[in-house]
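Here the structure comes first, spelled out in C-alpha cells, and everything after it is commentary.
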Amino acid sequence: MSTPFLSVQNLTKRFQAPKGGEGLTVFENVNLGIKKGEFVCIIGHSGCGKSTILNILAGLDEPSDGAVIMNGKEVAGPSLDRGIVFQNYSLLPWLSALKNVTFAVQARYKSWSKKQVHDHSMKYLEMVGLAGGAELRKPSQLSGGMRQRVSIARAFAIQPELLLLDEPFGALDALTRGSIQDELIRIWSGSDQTVFMITHDVDEAILLADRILLMTNGPYARVAESVQVEIERPRERANIIHHPDYYDIRNHLVEFLATRSRELAGKQDGDEQAAPKTVRFGANAGAVISSETGSKSGARKRAVNSAD
C-alpha cells in the first residue's frame with residue numbers, strides 16, 4: 001500500500017475550560033489519508049469540527065494531539081503549498097480583482113517578472129470568467145459570485161499542492177453556485193492538485209468528489225465512513241442524477257446525517273481509532289452487508305470495507 005499524499009494521524013482538538021473545569025473535546029483520534037490529485041469532501045453537522053480540521057490542515061490552528069503529514073513532512077504553520085478559499089471571500093478590499101491575484105502570485109513566485117505575474121494571474125481570472133474589464137474592479141464593485149471567482153482564481157494561481165475549500169459556495173444563489181462548481185471542477189480536472197472541501201450539500205459532494213468523508217456529531221466527533229463516488233468523469237449535473245448509483249449514494253449520505261451521525265457519536269473506547277470504513281456502491285462493490293447499518297434503498301449492492 002502506497003503512502004498517502006496527506007495523512008491525518010490521531011488528530012484531536014480539545015478546548016480547555018477556564019478555572020480548571022471540564023473542557024470540550026471537539027473531535028478525537030481522527031485518522032484519514034488522501035491521495036495525490038484526489039478531490040475529497042467532508043460532511044457533518046455544525047459543531048463537529050470540520051472547519052477546525054481544515055484550519056489545522058492549513059496550518060492556521062494546532063491540534064491538541066496527533067499530526068498532519070503532507071508529502072512526508074509534518075504541517076507546522078501556513079505555507080503557500082496550501083491554498084484556501086473561505087466562504088467570506090477574504091479579498092483585500094483596496095485592491096482590484098487582478099491585483100488580489102497578482103499579490104498572491106508575487107509572493108509565490110518571487111523571481112518572476114511583472115509580465116509573468118500579470119499573464120499568469122490573467123490566465124486564471126479568464127478561467128473563472130473574469131476578464132473584459134471585470135478584473136479591474138475592486139471587490140465592492142463585484143457581485144458575490146464574482147468575488148468568489150476571484151478567490152478561486154487566486155487559490156489556483158499559486159498552484160498549491162493542497163487546495164482547502166471551506167464551504168466556498170454556501171452564500172451563493174443556486175444558479176451562481178452551479179456555474180462556479182462547474183468552473184472549479186474544470187480547472188481542477190486540468191491540474192494535479194489535491195482538494196479537501198467542506199460542504200453541507202450532499203448533491204454538491206456527489207457532483208464534485210472522488211470520496212466523501214462522513215463525520216459523527218460532536219463532542220468526540222470522528223470520521224466514521226469514507227464513501228467512494230465511483231461515478232465516471234466528466235460529470236454533468238443534468239445527467240449525473242440518472243446514474244444508477246446516484247440515489248443510493250445520496251440516500252446513504254442523508255440517512256447518515258439524519259440518524260447514524262447521532263447514533264455513532266460519543267467517546268470511543270481505546271486511545272486510537274482505526275481509519276474510517278470505506279463504503280462502495282454498485283454491482284461490483286464486493287461483499288454485501290445488511291441494510292440496517294446503511295442505506296435503506298435496497299436497489300443496489302452496498303459494501304463496507306476497512307479503509308485503504
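The values are calculated or read from the model by the stated rules, or taken from the named source; none is laboratory data. Since this is a predicted model, take the numbers as computed values, not measurements. Cβ: placed from backbone, ideal geometry, glycine included. Neighbour counts: every protein chain shown.
Quick notes
- Checking each residue of region 99-115 against the condition of being in contact with a Gly (Cβ under 6 Å, 6 or more places away or on another chain) and within 26 Å of S179 (Cβ to Cβ) gives no match.
- For K19, the conditions (1) in a helix (DSSP H, G or I); (2) closer than 21 Å to E204 by Cβ are fulfilled apart from (2).
- Every residue from region 165-192 that is outside any helix (DSSP H, G or I), surrounded by fewer than 18 Cβ atoms within 10 Å (Cβ to Cβ) and not acidic (D, E): G170, A171, G190, S191
- Hey, L214 without any contact (Cβ under 8 Å) to a residue 40 or more places away in the chain, crowded, with 18+ Cβ neighbours inside 10 Å and within 17 Å of the chain's Cα centre (by Cα) or not: no
Results for (1) in a loop (DSSP other than H, G, I, E, B); (2) over 30 Å from E74 (Cβ atoms); (3) touching a Gly at 6+ places or on another chain (Cβ under 6 Å); (4) not hydrophobic (A, V, I, L, M, F, W, C), shown as yes or no for each residue.
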site	(1), (2), (3), (4)
G132	yes, yes, no, yes
S151	no, no, no, yes
F156	no, no, no, no
L163	no, no, yes, no
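- Criterion applied to R222, R250, R233 was being crowded, with 23+ Cβ neighbours inside 10 Å and touching a residue at least 24 places away in the same chain (Cβ under 8 Å), and the one residue passing it is R222.
- V101 crowded, with 21+ Cβ neighbours inside 10 Å, under 20 Å from D166 (Cβ atoms) and modelled with pLDDT under 95: no
- Residues in region 71-98 that are touching a Gly at 6+ places or on another chain (Cβ under 7 Å) and surrounded by fewer than 20 Cβ atoms within 10 Å (Cβ to Cβ) were compared, and the one that is farthest from V8 (Cα to Cα) is Q87.
- Among the residues of region 43-57, those identified as among the polar types (S, T, N, Q) and over 12 Å from the mean Cα position of the chain (by Cα) are S46, T52.
- Subset of region 227-270 (residues that are β-branched (V, I, T) and under 21 Å from I185 (Cβ atoms)): V227, V229, I231, I240, I241, I249
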